[in-house]
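Participant: The structure is given below, and queries will be raised subsequently.
The values are calculated or read from the model by the stated rules, or taken from the named source; none is laboratory data. Note that the structure is a prediction, hence the values are computed from the model and not measured. A quick note on method: Cβ atoms are made from the backbone with ideal geometry, for glycine too, and the neighbour counts reach across all protein chains shown. Surface areas here come from the heavy atoms of the whole protein model, side chains and all, with no ligands, DNA or RNA. Shrake-Rupley method; radii C 1.70, N 1.55, O 1.52, S 1.80 Å.
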Amino acid sequence: MALTRKKYLIIAVLLFVALPLSFSLQDLYSDWLFFAETGFAAVFLTTLSAKAGTGIFFGGVFLAFALVNSIIANRVNFPRREFLEIQGIIHPLSRGNIDRIIRPLTLIAALLLAVFAGQWGMLKWEEVLLFTNSLDMGVSDPIFGRDIGFYLFRLPLIETCWGFAGFTLIAVMLLVAANYFLRGGISLAEGTFSIDRNAKKHIGILAGLFILSTGFGFYLDTFSLLFSSHGVVSGAGYTDIHAKLFFYRILIFLTPAAGILFIIGMVRGSVRLTVLPPVVVLAVYLIGVVAYPSFLQKFKVAPNELALETPFIEHSIKFTRMGYDLEKIEVTPFDVDYKLTAKDIERNDATIKNIRLWDHGPLLRTFSQLQQIRTYYKFTDVDNDRYSINGEYRQVMLSPRELSYNDLPSRSWINERLIFTHGNGITMGPVSRISKEGLPEFIVKDIPSVSPVDFKVTRPEIYYGELSNDYVIVRTKVPEFSYPTSGENIYTTYSGSGGVRLDSLFKRAVFAAKFKTEKILLSTDIGNESRILYNRNITERVRKIAPFLMFDKDPYLVVTKEGKLSWIIDAYTSSNRMPYARPLNRQINYLRNPVKVVVDAYNGSMGFYVSDPSDVIIRVYARLFPGMFSPLADMPEDLRQHIRYPQTLLQAQATMFASYHMTDPKVFYNKENLWEVPVFGEKPMDPYYTIMKLPGGSKEEYILLLPYVPAKRDNLAAWLAARCDGPNYGKLLAYTFPRDRLIFGPKQVDARINQDSYISQQLTLWDQRGSQVIRGSLLVIPIERSLLYVQPLYLAASDKVGLPELRRVIVAYENDVVMEENLELALQRLFGAKKASGRPAEKTAADATVSVSDLSKQAMRAFEKAVEMQKQGNWAAYGEELKRLEQLLKKMAK
């Protein structure tokens, strides 16, 4: 009977281990096929061997230590135990039965815990590889003199090993204690506790070893001081260095000594040697690490904070700027003048015609209603990019038309997996052009794609995208749906190289198990030439290959010169181990964007291109995975022309630069020149792309721009620009405004727009029941040495399906605010410009005859403006408006 129970127990343990293992092998094989398909088999083998090695090491160490202690515990014999009392109930026992059950159970428990330790260890594969392939950064921390590479690559594994040692000691101690308790070495009877001498020694030695390991933990705590954050300093401050560090160093030597004395006390049975050493350690910790630093901070540091913390503020400024790559920002004064003329507007024609009038939200709604074509297609995002169109450098808005599986009319397995396999084409339009109906113009539209300019999409199918489901099967006996026409549906067959061939029954069985459907195995539509495309979501796809990188949440689609579609995803390296660097959102304090990932929308092929080879973390990963990363110069030129500085990175850098542009410790401490990103609406402004000519530049270029305002103020303080084109990619420029005069900020300009009587009246009139006025982003556009503020206005029905139409454009310059039907008319009012770009083809004002009705409207606006200037006491502006009114009346009289 006992043998049968033992067999059942062994079978249960084997099933517990074997079932998860079988699923793991299935996933392992499908992953291997995926990595082999994409050309990253070497990455898979390196990762797999690292996971297996770390799992075996940690699991093996735990098992060996647990087995040794279990064997020692099992060899200790105790007086025969007649009964076991559990919750007041007495259970009679037989010593032979206990030993036959407890001893194998102890070994099985040790084995199971070792399996869990091995699984946990497998998760640490990256730390092991970074440790063994670490590089020095060439910069040392100011306290311990260790290279930054030690903190980025070596310290994490050291801390992991220390944590594993503590876990092992505690787990084995509990395992041994349970063994002794069940076998009578430890007893609790009638409120009394007793423990056998041998059991006491054994458990005492394990506890003493744990105390010894705590001493090493105090050593690691000294490094953790460099990542602490309190008061004005990010990193170790005066109190940390002159109080905590001193006592940590005492504890580093005191704790191991206490552990040894504790072991001796347990072996000899001395209560004093057992109790006194841990009490002393605890007392030193509470007094030296907890109480004394608080006392020192309150009575010495706080009254003299600037003087005492100045060196540590310098460290924080230096390493925060290093952590977010702020040192490369070039700061240049931008002395604003308001001498912009019509000739200046004409000279900056490329900048004007690329001012973005279409916001992402309204344009996405408009694209969805005009170009979605069928309910099962969906636009999820609008991307901003630039192309050379008919010889002009133009900023455009582009959106891929992806297949939405949730919106299929019939969601059968054949429809979702064999027929509806891909999205189709894109919709693209210029950022500033509008039709006479207030709708966007199109550079590319419809299915199949058509374009009025020399711009073609030759491979519109999107098999890999942001909405793609987990898998589809192509080259089956069922034709794939390509696109609808007015008379019939057009079908196609996949001719790409993506996916894995289902050329064996074994592969079909593996994928049937992976995706939990027998249809892959049983379907007669699937043949030997069929291919299964999986991991089709592009973000999940690249994360599968490179889980050690962070990926931008906004991939964007690019059309190559050949008319093919490719995704570009920005990849980041990050760490929370940069000494003295201020953390972002309490998570990371080192951030770079060293990699651009390209994913072919048709084949799913991937390329990882290094755009920032100075990043030490990506250099280490390049050592780990030789051949995985390529220089940016190897990226096809037509794709390289479309890389852009990521908004996520500039936003993070802008957040830090708002404080850390102040490099003088005294100025930093007093926050004399603190900036912040302006709030527009209910949230901080996002960086926005634009094409413009930088101050002192010879030609227009694609940049990412974000303005600053002084802290708790609304006027402009500076603007930060990231360059995106060619050899200037990645260069950051900060232009600072004079501090002795007012430069209007977005919120102030917005307030002036609201205060304009004519604009306010029109907005109230339009925003009636059944319609909705949508105020677009307020953009600050530097031109020459001046600033233009541009805000589009959209009108839409108030229901959810309302089609936003761009009906007005508001432009502010110096003290003037105007609102017109388009940007050209607004600039004409402000500067009398003969030519302005971005005009709709249907609304060319230069060639149109101005009607009396239009002149009367302009005259009314001039009169209202004159009355407003009179109320403000601005007599110079009042005289100008009267003069303008006179000119308009003369035109009407002709």
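Participant: For the range 618-711, what is the per residue volume of the convex hull drawn over the alpha-carbon atoms, in cubic angstrom?
Facilitator: Spread over its residues, the Cα hull of the range 618-711 gives 191 Å³ apiece.
Participant: Could you name the aspartates and glutamates whose alpha carbon sits less than 18 Å from that of K300, not counting residues in the same chain fewer than 8 places away?
Facilitator: Here the aspartates and glutamates satisfying the reach criterion relative to K300 are D240, E309.
Participant: Set the Förster radius R0 to 45 Å, insert the Cβ-Cβ distance between V284 and A41 as r into 1/(1 + (r/R0)^6), and round the FRET efficiency to 0.05.
Facilitator: 0.25
Participant: What's the extension gain from K666 to A178 if we count 0.36 nm per residue and subtract their Cα-Cα distance?
Facilitator: Extending this stretch completely gives an extra 169.7 nm.
Participant: Pull out a ≥ b ≥ c, the square roots of the eigenvalues of the alpha-carbon gyration tensor of the range 560-680, then state rounded if a/c is under 1.5, prolate if not and a/b is larger than b/c, and oblate in the remaining case.
Facilitator: prolate
Participant: Kirkwood Rh and Cα-based Rg: tell me the resulting Rg over Rh for the chain, rounded to two decimals.
Facilitator: 1.07
Participant: Let me ask another. In percent, what relative contact order does the chain have, based on Cα pairs under 8 Å that are 6 or more apart in sequence?
Facilitator: It rounds to 11 percent for the chain.
Participant: Now for a separate question. Is the range 481-560 rounded, prolate or oblate when judged by the Cα gyration tensor, a ≥ b ≥ c being the square roots of its eigenvalues, rounded requiring a/c under 1.5 and prolate requiring a/b larger than b/c?
Facilitator: Oblate is the answer for the range 481-560, as a/c is 1.5 or above yet b/c matches or exceeds a/b.
Participant: Turning to a different aspect of this structure: How much area per residue is accessible in the range 243-347 when the probe is 1.4 Å and only protein heavy atoms are counted (Å²)?
Facilitator: With all protein chains present, the range 243-347 gives 55 Å² per residue.
Participant: Extension gain I373-D686, at 0.36 nm per residue separation less the Cα-Cα distance, in nm?
Facilitator: The I373-D686 span can extend by a further 109.6 nm.
Participant: Would you kindly state how much longer the chain becomes between E529 and K300 on full extension, computed as 0.36 nm times their sequence separation minus their alpha carbon distance, in nm to one decimal?
Facilitator: Net length gain for the segment: 74.6 nm.
Participant: In Å², and per residue, what accessible area does the range 428-540 have when probed at 1.4 Å with the other protein chains present?
Facilitator: 44
Participant: At a threshold of 8 angstrom on Cα-Cα distance, excluding pairs fewer than six apart, so keeping six or more, what relative contact order does the range 491-558 reach in percent?
Facilitator: So the answer I get is 31 percent.
Participant: Kindly report the accessible area of the range 607-671 per residue (heavy atoms of protein chains, probe 1.4 Å, no ligands, DNA or RNA), in Å².
Facilitator: 39
Participant: Relative contact order for the range 545-618: what is it in percent, counting Cα pairs under 8 Å that are at least 6 residues apart?
Facilitator: Answer for the range 545-618 is 25 percent.
Participant: Of all accessible surface on the chain at a 1.4 Å probe, what whole percent is carbon and sulfur?
Facilitator: Here carbon and sulfur together make up 57 percent of the probe-accessible area.
Participant: In addition: What's the FRET efficiency of R411 with N390 using the Cβ-Cβ distance as r and R₀ = 56 Å, to the nearest 0.05?
Facilitator: The value I calculate is 0.85.
Participant: Calculate, for F506 and I195, the FRET efficiency according to 1/(1 + (r/R0)^6) with r their C-beta to C-beta distance and R0 45 Å; round to the nearest 0.05.
Facilitator: After rounding to 0.05, the efficiency reads 0.20.
Participant: Under 12 Å from the Cβ of Y580, count the other residues' Cβ atoms, weight Lys and Arg +1, Asp and Glu -1, and hand me the total.
Facilitator: +1
Participant: Find how many whole Å separate the alpha carbon centroid of the range 418-492 from the alpha carbon centroid of the range 786-834.
Facilitator: 32
Participant: Which lysines, on any chain, are close to K553 with Cα under 16 Å apart, when same-chain ones fewer than 8 places away are left out?
Facilitator: K544, K596
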